[in-house]
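This report concerns only the one structure given below.
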């Protein structure tokens, strides 16, 4: 995994065992990073705005659930993914 552009541009590159490379950006990049190398987003390595996750957790998650219940899961996921805060990698 190449994180060199993640802080500045919000994307990362992943090389698979078959040699292919894939560029991920935004929420998919952050999700891949958390699945492949979770230590990279823990502790002091990443910095978020103060309380950045509060809006996402307190508003987007309940709203997502309500929208799923009324048959609008795509809208719920769009709102959910749009409120994931972007971290800054500390150097």
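Only the coordinates and a few stated rules stand behind these numbers; no lab work does. Here the structure is a predicted model, which is why all the values come from computation and not from measurement. Glycine gets a Cβ as well: all are built from the backbone with ideal geometry, and neighbour counts include every protein chain shown.
Potential lengthening of the chain between residue 59 and residue 27 amounts to 9.8 nm, from the contour at 0.36 nm per residue minus the alpha-carbon distance. So how much slack lies between residue 11 and residue 77, counting 0.36 nm per residue of separation and subtracting their Cα-Cα distance, in nm? Gain on extension, residue 11 to residue 77, equals 21.7 nm. Projecting label points 7 angstrom from Cα along Cα→Cβ for residue 3 and residue 18 puts them 2.7 nm apart.
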